[in-house]
Each structure stands twice: as structure tokens, then as C-alpha cells.
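Inspection log for the structure reproduced underneath, given as C-alpha cells.
The values are calculated or read from the model by the stated rules, or taken from the named source; none is laboratory data. All figures in this text were calculated on a predicted structure; none of them were measured in a lab. In this analysis, Cβ positions are derived from the backbone assuming ideal geometry, glycine residues included, and neighbour counts consider all displayed protein chains. Each accessible area value is taken on the protein alone, full model and side chains, heavy atoms only, with ligands, DNA and RNA left out. Shrake-Rupley method; radii C 1.70, N 1.55, O 1.52, S 1.80 Å.
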Amino acid sequence: MSEDTASAPDEAPLTLYMLHALGASARSFDRVAARLAGRVRVVGIDLPGFGSEAPSTETDLAHTVAHVEKALAAHEGGRWLLGGHSMGGKITALVASRVLRGEAALFGLAGVVLMAPSPPRPEPMDEERRQRMLSWVADGPLSDEDAETFLAQNVAEPLDAEAHAVALDDLRRTSPAAWRAWLETGSTVDASAEAGLLDLPALVLAGEDDADLGSAAQPGLLASVYPRARFVALPDTGHLIPLERDAEAAEAIARFVDEEVRVGPVVADDWARLIAGDRVDDRVRGILARRALPDDRGYAPAVLDLAQLTLLREIADLVVPQDGLAIDIAARVDAQLARGEGDGWRNADLPPDPEAYRAGLDTLAAVWPTDPVDRESILRAAIDGESTAEGPFDAARLKVWLEDVRNDLVRQWLAHPASMARVGYDGFATGGSPIRGYVELRLGRREDWEPSGVGGTIATGDAA
């Protein structure tokens with residue numbers, strides 16, 4: 001790994017929780033974890049029937065998803081990533097979908113890291129090979145001979161002695177019931193509907209020498225599930241990526257985190273815990289989870305063209321100045337327009353919102369300066385109805401349209417959970433089951449469940 005990748009940025013390391021492959025364990029990620037130390041904290045989770053969880057008898061998909069969610073509940077706060085290798089990839093999709101729907105009592109998921117992942121739909125596998133693998137556990141755990149065969153079939157080149165010993169030991173410990181459960185049911189079930197569309201940052205690593213789940217197959221298996229996927233092909237690599245190519249995997253993960261995950265504000269820990277808690281109902285938690293996702297730096301506008309979106313971003317910088325890493329509120333407005341959403345009304349002098357945005361931006365573009373210092377005066381004149389721009393809108397309609405624009409931009413900023421925390425709004429936490437509201441509504445009072453930044457002192461809630 002290069003020095004640039006190994007050096008730690010100012011922000012604290014993110015935690016990446018990894019789910020292992022069939023016949024493996026959390027130990028398979030130890031080398032990747034060591035290479036990412038100080039940049040990304042990698043925590044492997046043993047799945048039921050494998051590794052330290054080999055004695056578990058509940059190895060179906062539903063219980064495995066519940067097991068992962070229980071392990072993730074111990075997360076201490078801040079953004080986190082979820083990842084999976086092979087079998088773990090399908091489980092990752094199911095857990096991530098529940099987090100983004102708000103059904104899991106979790107918050108802060110910022111992306112996924114996948115290594116030769118099994119897709120939500122049935123995994124492509126030759127039936128003869130499936131039956132042969134099932135025959136290996138017909139009379140008990142895998143024999144050393146069958147385990148060696150499995151390893152040889154899944155690497156491009158022999159593993160080094162240390163990696164080989166780890167992989168062989170994990171295969172010996174694997175529960176025959178868990179092995180059968182995956183091959184007979186887990187890998188064959190179609191969970192596409194349950195996983196749905198996962199519109200979050202996604203890194204997909206795959207080997208060029210992996211037969212069924214390699215780099216050639218992955219875009220076709222996952223592009224419709226992860227529209228923001230970054231696919232990385234690893235040459236001279238089979239299926240056991242974390243053991244075969246730990247350096248390359250760590251390099252790709254570090255780059256992915258820096259370029260696509262560390263984007264936008266982080267929701268403070270006490271607010272994240274509140275959102276994950278039982279005062280917030282599932283639907284609201286899911287909405288907030290999706291709003292908190294890092295913005296897509298490669299966002300392709302759906303209603304505006306690129307020049308119009310660029311101008312809207314420059315307007316947004318003036319209307320809603322943001323400190324540090326910013327929310328891409330202009331892109332969020334474009335997505336809002338594409339969904340046909342709004343505040344429920346428009347001025348009778350303006351066309352429908354998508355057309356109004358295009359016309360208003362084209363009008364302003366004619367007089368928009370390249371010097372950022374001069375932009376504020378141009379925008380102020382337009383807001384006051386004194387623009388000299390000539391285009392689709394006259395000065396009066398440009399003024400009216402900019403009222404809508406400012407409203408949309410501020411609403412998109414305020415809708416982000418980090419912004420709610422910044423202004424001290426926790427009114428979303430009055431749901432759950434049973435529904436709970438406020439006991440007191442008085443200036444300077446803070447109830448015990450509210451984050452410490454709201455109202456008075458932590459101990460009593462009294463105004464300071």
C-alpha cells in the first residue's frame with residue numbers, strides 16, 4: 001500500500017463491519033484490517049454456523065440478518081459501513097435495505113463494501129458443483145481433503161502458508177447445517193424484492209479469475225441493485241479476495257472511503273442514537289437514514305443540465321452558506337424536481353417547477369459573473385426584482401421564482417439530520433410504539449430523552 005493510503009486523515013476512522021464468505025469467519029479480514037488501521041476500523045462478524053458462532057443452530061437467512069443487526073447495535077456512534085464477501089454480500093444487501101427502510105433500529109450507514117458478493121437474486125452456480133459441495137457434509141464436517149479441494153477451486157494462485165492455515169481451519173469449524181442451509185436455500189432464494197434499490201455508495205471488488213462471481217459477472221448481477229456502485233476488477237485473483245489480495249483490497253477501500261463516503265456532515269452521536277431508538281417510528285427513521293447518506297459526487301442531473309446544476313450550486317452557496325464539508329442541496333433539489341415533489345403550491349405567474357427552474361437559471365446565466373465576489377450583488381438584485389438579465393423570465397418573474405428557489409434550498413438543508421441537530425430540532429422523535437410526545441413545552445427546558453444540545457442543562461433541563 002502506498003504511503004498516501006496508509007496515512008490517516010483528520011477525521012476519526014470509520015468502522016467497516018464485514019460479513020464473511022461460506023466456510024470462512026471474521027478472521028478472513030484480519031489482514032485487510034491491519035492494512036487499514038488508522039484509516040478504517042475493520043470489524044468482522046462471525047455469522048451463525050461459522051467461526052465462533054459454529055454451534056448456532058439457527059442458520060437461515062432471517063436469523064442471520066437478525067444476528068447481524070444485533071451485532072451492529074453495539075456500534076458506538078458515527079458513520080459506519082457494512083460489507084460482505086461472497087455469501088456475506090447477500091446478507092449485506094438484506095441488512096442495508098432494512099436500515100434504509102428504518103426497520104432495523106440502526107442509524108449511520110454510509111455505504112457498503114462488497115467482495116465477490118452473492119447477489120440478492122439466486123446465485124449463479126452449476127448444479128452439479130452445488131451437489132458435489134453438499135456431498136462433502138453428508139456425513140459430518142468437511143474433511144481436510146474436501147476443504148483443500150474447495151480452496152484450490154477458489155483461488156487463482158495458492159495461498160501463502162498463513163492464509164491457507166486460516167482458511168483451512170475455518171472450513172474445518174464450519175457447521176454442516178450452516179453449509180447446507182446456504183447451498184440449499186440461502187444461495188437459491190430470490191431476495192431481490194426485499195433488498196430493493198440500494199442507492200448508496202457501494203464498492204464492488206471482484207477477481208478476474210473467479211468463475212461465477214467474478215469481475216465480468218458482477219455488473220450484470222448488481223448494477224440494478226446498487227446504482228452508485230464502483231466496480232473494481234482484480235487481476236490474477238480468484239474468489240478469496242481478502243486472503244488473496246489484501247493489499248489491493250485495502251487500497252481500494254481507502255480510496256472509496258475518501259472519495260465517496262467522507263462526504264457531507266456527520267450526525268452527532270447522541271442524535272444518531274436518538275434516531276435509532278424507540279421514540280422514532282420505522283418510516284421516519286428510514287427517511288432520515290436516506291437523507292443522511294453521503295451525496296453522490298458524480299451526480300448526473302435528472303431535470304437540469306450540468307450547466308444549470310452548476311449555477312444552482314453556486315446560488316445555494318450564497319443562500320445557505322455551509323461550513324466544512326457541505327450537503328449538495330442543489331443536487332437534492334434536482335432530485336426533488338425529478339420526483340415531482342414540492343411544497344404543494346406555485347405562483348400562478350410561473351410554469352411547473354421543472355420548467356421554471358430551467359427558465360430561471362437560464363435567465364440568470366446571462367448575467368452571472370465568474371468572480372464569486374460579484375455573485376452576491378447579482379443575486380441580490382434579482383431577489384429584489386431589479387435584475388437586468390434578459391431571458392425566459394423578466395425581472396418580476398425572476399423575483400417570484402427565486403422565492404421558491406430559496407425555500408427549496410433551505411428545506412433541503414434543514415431536512416438533513418445533521419442540520420436538525422445543528423438547530424436543535426428533535427420533533428421527529430415523538431413516534432415509536434407506543435407514541436410518545438413531550439411532557440413539557442417550555443423555553444429552556446430539556447427532557448431526559450433529548451440530546452444534550454437542546455435547551456437547558458443535561459442534569460435537569462433547566463435553562464442555564
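Listed here are the residues, each with its yes/no results for (1) in contact (Cβ under 8 Å) with a residue 12 or more places away in the chain; (2) more than 21 Å from Leu22 (Cβ to Cβ).
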site	(1), (2)
His63	yes, no
Ala66	no, no
His75	yes, yes
Arg79	yes, yes
Gly111	yes, yes
Ala138	no, no
Glu148	yes, no
Asp160	no, yes
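Within region 60-97, the set of residues being open to solvent by 30 Å² or more (accessible area, probe 1.4 Å) and closer than 25 Å to Asp212 by Cβ comprises Asp60, Leu61, Ala62. Out of the residues in region 376-390 meeting the condition of being open to solvent by 40 Å² or more (accessible area, probe 1.4 Å) and part of a helix (DSSP H, G or I), tell me which one is nearest to Ile315 (Cα to Cα). Applying the filter and picking the extreme gives Glu376. Within region 272-301, the set of residues being part of a loop (DSSP other than H, G, I, E, B) and open to solvent by less than 70 Å² (accessible area, probe 1.4 Å) comprises Gly277, Arg279, Val280, Asp281, Ala292, Leu293, Pro294, Asp295, Asp296, Gly298, Tyr299, Pro301. With respect to (1) of a type in the set (A, V, I, L, M); (2) within 20 Å of the chain's Cα centre (by Cα); (3) part of a loop (DSSP other than H, G, I, E, B), the lone exception for Val155 is condition (2). Within the set Glu251, Glu260, the sole residue that is under 18 Å from the mean Cα position of the chain (by Cα), among the charged types (D, E, K, R), farther than 16 Å from Asp408 by Cβ and in a helix (DSSP H, G or I) turns out to be Glu260. Criterion applied to Asp317, Asp362, Asp334 was being acidic (Asp, Glu), surrounded by 19 or more Cβ atoms within 10 Å (Cβ to Cβ) and not in a loop (DSSP other than H, G, I, E, B), and the one residue passing it is Asp334.
Of all residues in region 185-236, which are in a helix (DSSP H, G or I) and in contact (Cβ under 8 Å) with a residue 24 or more places away in the chain?
Matches in region 185-236: Thr185, Gly186, Ser192, Glu194, Ala195, Gln218, Leu221, Leu222.
The C-beta contact set for region 297-316 (first residue under 20 Å from Gly264 (Cβ atoms), second residue crowded, with 20+ Cβ neighbours inside 10 Å and of a type in the set (S, T, N, Q), distance under 9 angstrom, 6+ apart or interchain) comprises Pro301/Gln308; Ala316/Gln412.
Within the group Trp368, Trp449, which residue is part of a loop (DSSP other than H, G, I, E, B), modelled with pLDDT under 90, surrounded by 12 or more Cβ atoms within 10 Å (Cβ to Cβ) and not β-branched (Val, Ile, Thr)? I'd like the intermediate steps shown before the answer.
Numbers: Trp368 fails: modelled with pLDDT under 90.
None of the other options fit; the residue is Trp449.
Summed over region 341-358, residues that are open to solvent by 10 Å² or more (accessible area, probe 1.4 Å), in a helix (DSSP H, G or I) and in contact (Cβ under 8 Å) with a residue 40 or more places away in the chain total 3. Ile327 passes every criterion in (1) surrounded by fewer than 17 Cβ atoms within 10 Å (Cβ to Cβ); (2) assigned to a loop (DSSP other than H, G, I, E, B); (3) aliphatic (A, V, I, L, M) apart from (1). Against the test of being of a type in the set (Gly, Ala, Ser), open to solvent by 10 Å² or more (accessible area, probe 1.4 Å) and within 27 Å of Gly196 (Cα to Cα), the options Ala116, Ala138, Ala105 yield a single qualifying residue, Ala105.
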